[in-house]
Amino acid sequence: MTVNRAVMMFAGFMILASLLLSYYVSPYWCLLTAFVGFNLLQAPVTGFCPAAIIFRKLGVRSGEAFH
């Protein structure tokens, strides 16, 4: 698995988890969805992705998007 796929999988998991939490626990969990969406929008523009940095430090091999 590459960092690209790990970031996409993690983002999808976080969005689904926050939607479930907002439905069953509190609507404020939608803020997590907004945060993930913001990171998905700014990462290609700035090249800064906190999740990619963490996955790289965990030893996941680099992909095309995050070197």
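We did not get these values from a lab; they are worked out from the coordinates using the rules stated. Every value quoted in this text rests on a predicted model; they were computed, and no experiment measured them. FYI the Cβ positions are ideal-geometry reconstructions off the backbone, even for glycines, and counts take in every protein chain you see.
Rounded to the nearest 500, the 222 nm mean residue ellipticity of the chain from helices alone is -23000 deg cm²/dmol, with -39,500 (n - 2.57) taken per DSSP H run of at least 4 residues.
Stretching the chain fully between MET8 and PHE38 yields a gain of 9.4 nm (0.36 nm per residue, less the alpha carbon separation). Remark: relative contact order (the chain) = 51 percent; criterion is Cα-Cα distance under 8 angstrom and separation of 6 or more residues. What do you get for the angle between helix 3-24 and the principal long axis of the chain? Use alpha-carbon atoms, 0 to 90 degrees, nearest ten. Rounded to the nearest ten degrees, it is 10.
Each residue, ILE15 and GLU64, gets one label point 7 Å from its Cα in the Cβ direction; the gap between the two is 2.0 nm.
When all alpha carbon pairs of the chain are counted in 5 Å bins from zero, the resulting P(r) reads 3, 19, 25, 21, 15, 10, 6, 1 %.
For the pair ILE54 and TYR24, what calculated FRET efficiency results from E = 1/(1 + (r/R0)^6), where r is the Cβ-Cβ distance and R0 = 30 Å, to the nearest 0.05? With a Förster radius of 30 Å, E is 0.65. Near THR2: Cβ cut-off under 9 Å, other residues only, Lys/Arg at +1 and Asp/Glu at -1. The net charge is +1.
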